[in-house]
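Q: I'd like to ask you about the structure that follows.
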Amino acid sequence: MTLLEDPTGPQGPLRAATWTGRLRDRATKSFPPEQLLPDRQPIYVASWIYVFGVATIAAFLVVLATGTLLAVQGPQWWHRSGTGHYVNSLHLWSVELFMAFMVIHLWGKFWMAAWRGKRAMTWVTGAVCFFGSIGTAFTGYLVQSNFDSQFISTQAKDGLNSVGIGSRFNVMDFGQMLMWHIFLLPLIVGAVVLVHVLQVRRRGVVPPFLVHPIDLPAAPDRARP
């Protein structure tokens, strides 16, 4: 009898004994479908402070899309082409909005103590994403291939040399900074964002301080589409 012919069904002991079965059971337990893709949220999510997390992700997607196009076309395109100038400007301003929305989101959640209710990892991954984004933006300035990037790189080189890491992180090496900016750091930030969103889905959004279970109406009344 093969594994697929197990008469006990998908939840039987043979299927549960495999690593795929255990992984599936753990994933389903941690992220039930109705929790991973909910169609209702608590009423307090209608507050404007909860908007900035989604706005940050939306800006991040625009950053990735425009950055991919710039990486494919190359520096000559974004310096000499009108369309390249436009896409480069979109990339710049989407980064500006991304950082602005994330800072507002970070401070909003700080004053709401977003680590409450076993949400420590949600807060930690958000903070790691913030610091990783600073490094990504910094390397972006270094690969502009203009006088600004040359000035920034020479000033940064002195600072990094003073703390002993200039030989490992050579900000005057265009190729190294380009790979950090378009591959390594975006990959790290994207992975942390994904983990952050999954943590939000798992633990839910943090409620305001003034909301207490005994003060809330029945569950159907406080749910909104």
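Every read-out reported here was derived from the displayed coordinates using simple, explicitly stated rules and does not represent laboratory data. As the structure is a computational prediction, the values presented were derived from the model and not from experiment. Counting neighbours? That spans all protein chains shown, and the Cβs are built from the backbone with ideal geometry, glycine included.
Q: Whats the longest run of the chain with zero trypsin sites (Lys or Arg not before Pro) that are DSSP loop and have at most 12 other Cβ atoms within 10 Å? Provide the component values of the computation, followed by the final result.
A: Details: sites that count: Lys118, Arg168.
The reported range is 1-117.
Q: Moving on. Taking each pair of different alpha-carbon atoms in the chain once, compute 1/r for the pair, average those values, and report the inverse of that mean as the Kirkwood hydrodynamic radius in Å to one decimal. Walk me through the numbers before you get to the answer.
A: On the way: mean 1/r = 0.0478 Å⁻¹.
It is 20.9 Å.
Q: Take every Cα pair under 8 Å in region 42-181 that's 6+ residues apart, average their separations, divide by the length, and report that relative contact order as a whole percent.
A: Working: 104 pairs, mean separation 26.8, N = 140.
Dividing the mean separation by the residue count of region 42-181 yields 19 percent.
Q: What percent do you get for the relative contact order of region 117-204 when only Cα pairs under 8 Å and 6+ apart count? Walk me through the numbers on the way to the answer.
A: On the way: 70 pairs, mean separation 39.7, N = 88.
Contact order relative to length: 45 percent.
Q: Ok, one more. Percent of Cα-Cα pairs per 5 Å bin, from 0 to the last occupied bin, for region 85-218, please list those.
A: 2, 9, 15, 17, 15, 13, 10, 8, 5, 2, 2, 2, 0
Q: Right, here's the next one. Could you run the Karplus curve 6.51 cos²θ - 1.76 cosθ + 1.60 with θ = phi - 60° over region 162-172 and give me ³J(HN,Hα) per residue in whole Hz, x for Gly and Pro?
A: Taking θ as phi minus 60°, the curve returns 5, 9, x, 10, x, 6, 8, 10, 7, 6, 8 Hz for region 162-172.
Q: Applying 1/(1 + (r/R0)^6) with R0 = 25 Å to the Cβ-Cβ distance of Met172 and Ala137, what FRET efficiency is obtained, to the nearest 0.05? Working shown, then result.
A: On the way: r = 18 Å, r/R0 = 0.72.
Efficiency for this residue pair is about 0.90.
Q: Apply the Karplus parameterisation 6.51 cos²θ - 1.76 cosθ + 1.60, with θ equal to phi minus 60°, to every residue of region 136-146 and state each ³J(HN,Hα) to the nearest whole Hz, in sequence, with x for glycine and proline.
A: 5, 5, 4, 5, x, 5, 6, 9, 5, 6, 9
Q: If I build a Gaussian network model for the chain, linking alpha-carbon pairs within less than 10 angstrom, which residue out of Gln150, Gln35, Gln76 has the largest mean-square fluctuation?
A: Among Gln150, Gln35, Gln76, the largest GNM mean-square fluctuation belongs to Gln76.
Q: A follow-up question, please. Determine the gain in length on full extension of the stretch Met179-Glu34; use 0.36 nm per residue of separation and subtract their C-alpha separation, reporting nm with one decimal. Please list the in-between numbers first.
A: Numbers: separation 145, 0.36 × 145 = 52.20 nm, distance 3.88 nm.
Separation in residues times 0.36 nm, less the Cα-Cα distance, equals 48.3 nm.
Q: Please identify, among Gly166, Gly135, Gly204, the residue showing maximal mean-square fluctuation in a Gaussian network model of the chain using a 10 angstrom Cα cutoff.
A: Gly166
Q: Hey, another quick one. Which lysines, if any, have their Cα less than 30 Å from the Cα of Lys109, not counting same-chain residues under 8 positions apart?
A: Lys29, Lys118
Q: Which order results if Met99, Met121 are arranged by neighbouring Cβ count within 10 Å, fewest first? Before the final figure, lay out the partial values.
A: Working: Met99 18, Met121 15.
The fewest-first ordering by Cβ neighbours comes to Met121, Met99.
Q: Moving on. What is the extension gain from Gln76 to Arg26, computed as 0.36 nm multiplied by their sequence separation minus the C-alpha to C-alpha distance, in nm to one decimal? Walk me through the numbers before you get to the answer.
A: Working: separation 50, 0.36 × 50 = 18.00 nm, distance 4.92 nm.
The Gln76-Arg26 span can extend by a further 13.1 nm.
Q: What is the set of long-range amide H partners of Gln41 at a cut-off below 5 Å, with H atoms built 1.01 Å from backbone N?
A: For Gln41, whose amide H was placed from the backbone, the distant partners under 5 Å are Arg224.
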